[in-house]
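Engineer: First the structure, then my questions, so here it is.
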């Protein structure tokens, strides 16, 4: 068999997004793989803040989430089961240098023979890399004014 990774977008709103990820590793650890790409969401503001992570990881496996960039930055490492609610301090912010806006996953701990699985749900808030004047020009030529993490469409 081969490792499998499934990503499902459960919500894609103007501000919020929710994604479910399920992984099964049965032949090796899961290599660094992008699971969230802003280009897959509408509107595409360029990056996300992670507010809540709910996760379940089988014993022996460790899962790492990364902010994707030229030099990826570990966002969160977890095993077991739990919930990380980061809303009380503004969410997990992308602090990578030259970030791509994407989120990636990687596992560690698989041993042969064995089948280990994990699942997680990420509650995200869409953000952009604001310009100095606070406006983001969209592909259709309209402008989006960024104000406290919210976008206001100017036509």
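Every read-out reported here was derived from the displayed coordinates using simple, explicitly stated rules and does not represent laboratory data. No experiment lies behind these values; they were computed from the predicted model shown. Here the Cβ positions follow ideal geometry from the backbone for every residue, glycine too, while neighbour counts run over all protein chains shown.
Engineer: Would you give the gap between the C-alpha center of region 38-92 and the C-alpha center of region 3-27, rounded to a whole Å?
Structural biologist: 11 Å
Engineer: Say each of residue 12 and residue 71 gets a label point 7 Å from the Cα, pointing the same way as Cα to Cβ; how far apart are those two points in nm?
Structural biologist: Spacing of the two 7 Å Cα→Cβ label points: 3.4 nm.
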